[in-house]
There are 2 protein chains.
Amino acid sequence: MKAKVYITLKDGIHDPQGRAVQQSLHTLGFEAVQDVRVGKCLEIELQDMEKEAAEIFLKSMCQKLLANMVIEDFRYEIVST
Amino acid sequence: MKAKVYITLKDGIHDPQGRAVQQSLHTLGFEAVQDVRVGKCLEIELQDMEKEAAEIFLKSMCQKLLANMVIEDFRYEIVST
């Protein structure tokens, strides 16, 4: 089964990478860009399991490794079984 | 208006970052993980414009800066106007 995990900075956490992207876009003429925040998305292939078990599994992976819970939020979705 | 852009490696492109994440997950006991691929997601705040104009704008930004078209694919969605 396949899942997607999205890791994003919490609101209020400064995002220098996003700011750098925004400035580069302005330099290229995309001045309608008002803000950019950069996150990660992970596509994860899992062994087949019950959907409920997979959700617990994904949540645990995010909390233990994938996300820095101090500054990042996560969400996940199971896209195919 | 707010848009999201997802940048992912094309199929077949080697992903050492994803492999490292997979190995770390295995070390932590998440052995049901068979594959991990890491991409970027960007949340972009734009000045208000027509939806069609915004889509052209986003596509152009991806092609010119956000994605490396040789090894990466992109997709975008407008999440609020």
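Label separation (A:Val70 vs B:Leu65): 3.0 nm, computed from points 7 Å beyond Cα along the C-beta direction.
Estimated from helical segments only, the mean residue ellipticity of chain B at 222 nm is -8500 deg cm²/dmol, where each DSSP H run of four or more residues counts as -39500 (n - 2.57). Plainly put, the tip 7 Å out from Cα toward Cβ on A:His26 is 4.5 nm from that tip on each other copy, the closest given first.
Each residue of the stretch A:50-67 was assigned a 3J(HN,Hα) from its phi angle through the Karplus curve 6.51 cos²θ - 1.76 cosθ + 1.60 (θ = phi - 60°); the sequence is 4, 4, 5, 5, 5, 5, 5, 4, 5, 4, 5, 4, 5, 5, 8, 9, 6, 10 Hz, with glycine and proline shown as x. A Förster radius of 25 Å, combined with the Cβ-Cβ distance separating B:Thr81 from A:Ile78, puts the computed FRET efficiency at roughly 0.30.
Counting only other residues whose beta carbon sits under 9 Å from that of A:Glu43, what net charge do I get with K and R as +1, D and E as -1?
Values: positive: A:Lys2, A:Lys4, B:Arg37; negative: A:Glu45, B:Asp35.
Residues near A:Glu43 contribute +1 overall.
Per-residue Karplus couplings for the stretch A:68-81, computed as 6.51 cos²θ - 1.76 cosθ + 1.60 with θ equal to phi - 60°, are listed in order as 8, 5, 6, 10, 10, 9, 9, 9, 9, 8, 9, 9, 7, 10 Hz, Gly and Pro entered as x.
Compared with the dominant Cα axis of chain A, that is its longest principal axis, helix A:16-27 is turned about 50°. Distance from the axis that maps chain B onto chain A is least for the Cβ of the chain B residue given, with the whole Å value, as B:Cys41, 2. Within 10 Å of the Cβ of each residue in B:17-30, the mean number of Cβ atoms contributed by other protein chains is 3. Relative to the other identical copies, B:Glu52 shows label-point distances of 4.9 nm, where the label point lies 7 Å from Cα along the Cβ direction and values run shortest first. Highest-first packing order for the peptide set A:22-32, B:53-63 is B:53-63, A:22-32, based on the mean count of other beta carbon atoms within 10 Å.
Mean projected area of the convex hull spanned by the Cα atoms of the protein assembly as shown, taken over all viewing directions: 10.0 nm².
A short reminder: the numbers here are calculations on the coordinates, not readings from a lab. Just so it is clear, the structure is predicted and the values come from calculations on it, not from any experiment. Neighbour counts are summed over all protein chains in view; Cβ atoms, including those assigned to glycine, are modelled from backbone coordinates with ideal geometry.
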